[in-house]
Amino acid sequence: MSDNPDRTDWPPAELDFGKPTIARAYDALLGGKDNFEVDRQLADYACRHIPGLQESAIENRKVLVRGVRYLAREAGMDQFLDLGSGLPTVQNTHEVAQGENPDAKVVYVDIDPMVLVHGRALLANNPNTKVVTGDVAQPERILRHPDITGFLDFGRPVVIMLVGMLHYLSPEDCESVVSAYRNVMAPGSHLFMTSLVDTGLPAQQELARITRESLDKCWARTPEEIEHHFGDFELIEPGVTYTALWRPDEPVDPDDLTPGEQLGMAGIARKNG
Ligand code: SAM
């Protein structure tokens, strides 16, 4: 599927209004409007059990914005493949990247068909941005998709983003999936990932469990595991760290993190030579 403005396929046959989805439940957590009662119920339930969950989702969006701004402004990146992009919200990847460089190209990929539907409306007049429906866990299919291969130039540096997405790749598949993306990236490319983390705090594993039970998948990763998935790429300072500590706009005291700020970690790494 692509950003064809034909809307006769609404609602997409894949939409199941009786079961929550990751994209819609996350949208509910962020206070968005593109979700249903089942998604809000799940978000409310999880928030009651996990202190600071909503704050953690907001922190994840904030680091996405800081990371994309860094990549477009300081690292000079102008091609972004945003895998597991989620429903449009405020300050989407293309808005941040194209705010720095109007010619920056962005492709959003998400498994949830609602993302394509909402993306079409948002991107109707934006020739530098596309939305693709696809399964990130099948890199060989994603990397052959004509809306990606015909739009992004993998002979040049590209940013691949797995932001708020790494923890949805199963422990069995995670490294083979991420390495398949790493392998096609030209030198100078950057990998940007955030993940639910496991540093031994009960809330981290509890969040993974609640999410897995309701949405079939979610695995908290140790900081070492997250770092491992960057392969031999060079981590940009400050490395893999709690999202609030990744190049914050205002200084943050690492000894003073809230429970919500201890649910996720972020990192950006560069492919050298
Ligand atoms: N990247 C955005 C962010 O960080 O704000 C959205 C993160 S949201 C928590 C995770 C997104 O990944 C959801 O929109 C979900 O539909 C998508 N997702 C999960 N598994 C996926 C898969 N196998 N392929 C594509 N998208 C997937």
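Remarks
- Filter result (away from the ligand (no atom under 13 Å from the Cβ), surrounded by fewer than 22 Cβ atoms within 10 Å (Cβ to Cβ) and of a type outside the set (K, R)) within the range 149-178: T149, G150, F151, L152, D153, F154, G155, P157, P171, E172, E175, S176
- Of all residues in the range 100-118 being farther than 26 Å from Y70 by Cα and open to solvent by 30 Å² or more (accessible area, probe 1.4 Å), the one that is farthest from the ligand (Cβ to nearest atom): H118
- Selection from the range 232-273 of residues that are assigned to a loop (DSSP other than H, G, I, E, B) and touching a strand residue (DSSP E or B) at 6+ places or on another chain (Cβ under 8 Å): F233, I236, G239, V240, W246, L257, L263, K271, N272
- Only one entry in A72, A97, A121 is more than 10 Å from the ligand (Cβ to nearest atom), part of a helix (DSSP H, G or I), of a type in the set (A, V, I, L, M, F, W, C) and surrounded by fewer than 17 Cβ atoms within 10 Å (Cβ to Cβ), namely A121.
- Residues (assigned to a helix (DSSP H, G or I) and either at pLDDT below 70 or more than 16 Å from the ligand (Cβ to nearest atom) (or both)) located in the range 1-46: E37, Q41, D44, Y45
The values are calculated or read from the model by the stated rules, or taken from the named source; none is laboratory data. Quick caveat: nothing in here was measured; it's all calculated off a predicted structure. Backbone-built Cβ (ideal geometry, glycine too); neighbour counts: all protein chains shown. Note: accessible area is taken over every heavy atom of the protein model, side chains too, but ligands, DNA and RNA are not part of it. Shrake-Rupley method; radii C 1.70, N 1.55, O 1.52, S 1.80 Å.
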